[in-house]
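A short write-up of the structure that comes next.
Values in this text are rule-based calculations from the coordinates and carry no lab data. Given the structure is predicted, the values throughout are model-derived calculations rather than measurements. Positions of Cβ are backbone-derived with ideal geometry, glycine not excepted, and every protein chain shown enters the neighbour counts.
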Amino acid sequence: MATAATALEFTEVPVAPALAVQLCGHCATDPASIAQAMGTAFETLRSFVACHGLTRNGHPRAIYTAYDAAGVSFTVAFPVDAGPREPVEQSAVFAGTLPAVKAYRFTHHGPYTNLAQTYGQITALLKDRGLLKSDADWARYLPMWEEYRNEPETTPPADLLTYIYLPA
């Protein structure tokens, strides 16, 4: 009988470097705060990309850099062909290279509101394989990120596809 952890789709993959426009944020750890903060940050990036005539060439990412009792620190990123041609003043948005890395890639199918269930499956799988002894060991997998493979505005929630990456 397969458990939720053994039914989880995952593989180890090389992730190529990518130039991206990025915006850092911080919020509380509850799902509603994370959704609100991410939504606002992604909208800021969308506006920045449109205002500067940039071309996106990859899927949006939410990169988690810290997650503890003090809150969640994250960076949202849109891979782009090139950064802004002119210097950007008075903006928290910046262009930088997302590094190449070898990572474990897990697949989440469905609404973002169900991501916590997939993270529970990931935790169980990592514990089963001896890669995680306690929830506190998650810090060794930072920065980790989610990559949103389709647009939530045009994709039914049941059809959303999210890749979750942890550095290997």
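Note on segment 78-122: residues that are outside any helix (DSSP H, G or I) and either in contact with a Leu (Cβ under 9 Å, 6 or more places away or on another chain) or surrounded by 12 or more Cβ atoms within 10 Å (Cβ to Cβ) (or both) total 26.
Residues of segment 38-74 that are assigned to a strand (DSSP E or B) and not β-branched (Val, Ile, Thr): Arg56, Arg61, Ala62, Tyr64, Ala66, Tyr67, Asp68, Gly71, Ser73, Phe74. Evaluation of Val13 against the conditions (1) of a type in the set (Val, Ile, Thr); (2) surrounded by fewer than 16 Cβ atoms within 10 Å (Cβ to Cβ); (3) assigned to a helix (DSSP H, G or I) shows that the sole unmet condition is (3). Screening the candidates Ala69, Ala50 for the property of being loosely packed, with under 15 Cβ neighbours inside 10 Å and more than 29 Å from Arg140 (Cα to Cα) yields one hit, Ala50.
Within segment 125-154, being under 14 Å from the mean Cα position of the chain (by Cα), of a type in the set (D, E, K, R) and in a helix (DSSP H, G or I) holds for no residue.
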